[in-house]
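Undergrad: My questions all concern the structure below.
The values are calculated or read from the model by the stated rules, or taken from the named source; none is laboratory data. As the structure is a prediction and not an experimental result, all values here were calculated from the model. Glycine also receives a Cβ, built like all others from the backbone with ideal geometry; neighbour counts cover every protein chain displayed. The accessibility values were calculated without ligands, DNA or RNA, using every heavy atom of the protein model including side chains. Shrake-Rupley method; radii C 1.70, N 1.55, O 1.52, S 1.80 Å.
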Amino acid sequence: AQSVTQLDSQVPVFEEAPVELRCNYSSSVSVYLFWYVQYPNQGLQLLLKYLSGSTLVKGINGFEAEFNKSQTSFHLRKPSVHISDTAEYFCAVSPTYNFNKFYFGSGTKLNVKP
Amino acid sequence: EAGVTQFPSHSVIEKGQTVTLRCDPISGHDNLYWYRRVMGKEIKFLLHFVKESKQDESGMPNNRFLAERTGGTYSTLKVQPAELEDSGVYFCASSEQANTEAFFGQGTRLTVV
C-alpha cells in the first residue's frame, strides 16, 4: 500500500522569501514521485517528477525537489516565491508498474503575502 | 490543442437525485482516469479506462457510481442516487499511453444538499 503525508496544510510566506513544502511517503513497492500544483479555478498541473537518476529534480516556475530514499521524503523548495505562486500544492506517488495511478497527499496551501 | 475538458464545472443537486459528469480527454489519448477529492481530503483514484475498457476500477466507492466510455472517446461518471458524502471535486485526466504524462481537467465541483 502507498500513502503520502504532507505535514503542513497551510504555509504563509512573504514574497521573495524561500519556501519548503514537506512531503513524506510510505510504500511497499517502488514508486515514482510527483508534485502537482492547482492554481485557483484551474486543474492540476505537473510541477516536477522523480523517476530515477539524480535525486535533485528541477521543475517549472523555479521549483525543485529532492528525493531522499532513506528518509522517504520528497520536499519541494523554491528560493524566492512570488505572489503568483499562491496555490495548493500536492505531493503524489505512483507505483512504477502503474505510472498514472496516483496516491496524493492532502495538499498544502501556499499563501504568498506582499 | 484543447486540454481535458470537464462538464459541468459546478453541480448542486439534492440527496437522492442523479448526476452525470462528463470528461472529454485530449484527442488521441487512449487512457482516461477519474479521481475525486472529498471534503478537502486527499485526491483519490477512482478508475482507469484504456479506450472503452475499464482497466482498473479498484477505487470506485460503491455501486452508486457508474463510469462509462462508449466508443473510447469521452467518458461519463454517473452517481445514482447521490448521497451527501459524494460532495467534492471530481477530476478527470488523460494520457496518450499508460506510462506517459497524464493531463488533468479543471474538475467538477459536486455539492449534494
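Undergrad: Using a 1.4 Å probe and counting only protein heavy atoms, how much accessible surface gets buried when B and A come together, both sides summed, in Å² to the nearest 100? Provide the component values of the computation, followed by the final result.
TA: On the way: alone 6430 and 6170 Å², together 11080 Å².
Using a 1.4 Å probe on protein heavy atoms, the buried area is about 1500 Å².
Undergrad: Less than 17 Å from a label point 7 Å out along the Cα-to-Cβ axis of A:Tyr97: which backbone N atoms in region A:1-37 qualify, by residue?
TA: Residues passing the 17 Å test: A:1-3, A:27-32.
Undergrad: Here is a follow-up. Taking the convex hull of the alpha carbon atoms in the protein assembly as shown, what volume per residue do you get, in Å³?
TA: About 124 Å³ per residue, rounded to a whole number.
Undergrad: Under the √(5λ) rule applied to the eigenvalues of the Cα gyration tensor, what semi-axes describe the equivalent ellipsoid of chain B? Give them in Å, descending. Spell out each step's value before the answer.
TA: Numbers: eigenvalues 102, 38, 32 Å².
Largest first, chain B gives 23, 14, 13 Å.
Undergrad: With Rg and the Kirkwood Rh both taken from Cα atoms, where does Rg over Rh land for chain A?
TA: Details: Rg = 13.4 Å, Rh = 14.1 Å.
A ratio of 0.95.
Undergrad: If r is the Cβ-Cβ distance from A:Glu66 to B:Gln55 and R0 is 30 Å, what FRET efficiency results, to the nearest 0.05?
TA: 0.35
Undergrad: Continuing with the same structure: Using only the Cα atoms of region A:1-61, what semi-axes does the equivalent ellipsoid have when each is the square root of 5 times a gyration tensor eigenvalue? Give whole Å, largest first.
TA: 22, 15, 14
Undergrad: About the Cα centre, and with charges only on the beta carbon of Lys, Arg (+1) and Asp, Glu (-1), how big is the dipole of chain A? Nearest 20 debye, please. Walk me through the intermediate numbers first.
TA: Values: 9 positive and 8 negative charges, 57 e Å.
Approximately 280 debye in magnitude.
Undergrad: So how strong a dipole does the protein assembly as shown carry about its Cα centre when Lys and Arg Cβ are +1 and Asp and Glu Cβ are -1, to the nearest 20 debye?
TA: Here the protein assembly as shown has a charge dipole of around 280 debye.
Undergrad: Among A:Thr86, A:Leu47, A:Thr72, whose Cα projects farthest towards the positive end of the dipole of region A:39-93, with charges put on the beta-carbon of Lys, Arg (+1) and Asp, Glu (-1)?
TA: Highest projection toward the positive end goes to A:Thr72.
Undergrad: Which whole-number percent gives the relative contact order of region A:1-96, counting Cα pairs below 8 Å spaced six or more residues apart?
TA: Taking the mean separation of contacting Cα pairs over the length of region A:1-96, I get 37 percent.
Undergrad: Apply 1/(1 + (r/R0)^6) to the Cβ-Cβ distance of B:Lys41 and A:Lys58, taking R0 = 45 Å, and write down the FRET efficiency to the nearest 0.05.
TA: Step by step, r from the Cβ atoms, then E = 0.90.
Undergrad: What number of lysine-lysine pairs in chain A show an alpha-carbon separation below 26 angstrom, given a sequence spacing of 8 or more or placement on distinct chains?
TA: Qualifying lysine pairs in chain A: 16.
Undergrad: Taking the Cα centre of each part, how many Å lie between region A:44-114 and region B:1-63?
TA: Each part reduced to its Cα centre gives a spacing of 23 Å.
Undergrad: Moving on to the next point. Using 7 Å Cα-to-Cβ label points, what is the B:Val113/A:Ser26 separation (nm, one decimal)?
TA: Each label point lies 7 Å from its Cα, and together they span 4.0 nm.
Undergrad: How many Å² of accessible area per residue for chain A, probe 1.4 Å?
TA: Using a 1.4 Å probe on heavy atoms only, each residue of chain A averages 47 Å².
Undergrad: How high is the relative contact order of chain B, given as a whole-number percent (alpha carbon pairs under 8 Å, six or more residues apart)?
TA: Here the relative contact order equals 37 percent.
Undergrad: Given Cβ point charges of +1 (Lys, Arg) and -1 (Asp, Glu) and nothing else, what value in debye, to the nearest 20, does the dipole of chain B about its Cα centre take?
TA: The dipole of chain B has a size of about 320 debye.
Undergrad: Between A:Glu16 and B:Tyr74, with labels modelled 7 Å along Cα→Cβ, what's the label distance in nm to one decimal, could you check?
TA: 4.9 nm
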